[in-house]
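Take a look at the structure below.
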Amino acid sequence: MFLKGPGTLIGHRGRTRRPADVTFMHYECELAVVMGATARNVGRREALGHVAGYCIANDYAIRDYLENWYRPNLRVKNRDGATALGPWLVDAEDVPDVANLELRTFVNGTRTQLGNTRDLVTDVPGLIEYLSSFMTLHAGDVILTGTPEGIVNVNVGDHVVCEIDGLGSLHNTLASDADFGRVARHPGAS
Amino acid sequence: MPDPDDLMVRTFVDDRLRSRYSTTDLVRPAARLLADVTEFMTLRPGDILALGAAVPAPRARAGQTIGVEIEGVGRLHNRLVSRASVAA
């Protein structure tokens, strides 16, 4: 697991920059868990009682820049505006079974990703127990819980929609370097 | 303000010198690292960017005091404690 800074977050209906010099930039539709209370050394049985609610995350990543699969570097996972979060926070009490939610991603209207939170390698209580065993979690902290298979490259202009049952649809559009007032870098440039 | 790319870094464990290296030997100079990171990530006043450390790094045990001294910057002390000795 890895940390992301607040600058990477962008809300519903945002635009995320896709650099010109990459071959594989992909979405990652994930269940996001928003903590509602301080959690330190919390066991899995008490874990969900510390959760304020849930929403959807789209944790874009650029495979070209990845150097270590288990410790993704800043350039992959801390890019400005590259982690969409939203569209709104759903209270925990309105999500009766967080372990049985279908996730779907659509690119320009075509479904490209399908999964279910029952397939998480570590379930939400397990994640809270694991993390809180060495780092104190605070209200407002957000845990992104992983993405199923079905990630594909997206290009400038693509409209990406991530959905999770009961949590709505999170929309994002890929934009170019020029759209952000940036000069495009090309492979081989220093 | 000293040149960040020409500083000696010394690590002490219980006041014994255990490693020393110069920031000259780091993979990227500070200015280059800042340029590389800020290309994709905005840094704001108060943000801290660590420049990296030389390997191998010295090991220490609970009960020992670590001192990291950088010429012109100061010496940072920190003590390692066991989990059992820390209040829950």
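The values are calculated or read from the model by the stated rules, or taken from the named source; none is laboratory data. All values reported here derive from a predicted model rather than from experimental measurement. Ideal geometry is used to build each Cβ from the backbone, glycine not excepted, and the neighbour counts take in all protein chains shown. When the accessible area is computed, the model is the full protein with side chains, heavy atoms only, and any ligands, DNA or RNA have been set aside. Shrake-Rupley method; radii C 1.70, N 1.55, O 1.52, S 1.80 Å.
Numbers at a glance
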quantity: Subset of the range A:142-188 that is without any contact (Cβ under 8 Å) to a residue 24 or more places away in the chain and either farther than 22 Å from A:Arg13 by Cβ or among the charged types (D, E, K, R) (or both) - its residue that is surrounded by the fewest Cβ atoms within 10 Å (Cβ to Cβ); calculated: A:Gly188
quantity: Subset of the range A:72-113 that is over 18 Å from the mean Cα position of the chain (by Cα) and among the small types (Gly, Ala, Ser) - its residue that is least open to solvent (accessible area, probe 1.4 Å); calculated: A:Ala92
quantity: Count of the range B:60-88 residues which are outside any strand (DSSP E or B), under 30 Å from B:Asp3 (Cβ atoms) and open to solvent by 80 Å² or more (accessible area, probe 1.4 Å); calculated: 2
quantity: Hits in the range A:29-49 (condition: open to solvent by 20 Å² or more (accessible area, probe 1.4 Å) and part of a helix (DSSP H, G or I)); calculated: A:Arg44, A:Arg45, A:Glu46, A:Leu48, A:Gly49
quantity: Selected residue (criterion: modelled with the highest pLDDT) from residues of the range A:21-58 that are within 13 Å of chain B (Cβ to nearest Cβ) and touching a Lys or Arg at 6+ places or on another chain (Cβ under 7 Å); calculated: A:Met25
quantity: Among residues of the range B:31-59, those that are assigned to a helix (DSSP H, G or I), open to solvent by less than 50 Å² (accessible area, probe 1.4 Å) and away from chain A (no Cβ under 12 Å), counted; calculated: 0
quantity: All positions within the range A:59-88 that are of a type outside the set (Lys, Arg), within 14 Å of chain B (Cβ to nearest Cβ) and farther than 22 Å from A:Gly11 by Cβ; calculated: A:Asp64, A:Tyr65, A:Leu66, A:Glu67, A:Pro72, A:Asn73
quantity: Test: residue in the range B:4-18 that is in contact with a helix residue (DSSP H, G or I) (Cβ under 9 Å, 6 or more places away or on another chain), free of Cβ contacts under 8 Å to residues at least 40 places away in the same chain and surrounded by 12 or more Cβ atoms within 10 Å (Cβ to Cβ); calculated: yes
quantity: Candidate set: the range A:11-28, residues that are surrounded by fewer than 20 Cβ atoms within 10 Å (Cβ to Cβ) and aliphatic (A, V, I, L, M); chosen: the one farthest from the chain's Cα centre (by Cα); calculated: A:Ala20
quantity: Selection within the range A:167-183 - part of a loop (DSSP other than H, G, I, E, B) and of a type in the set (Gly, Ala, Ser); calculated: A:Ser176, A:Gly181
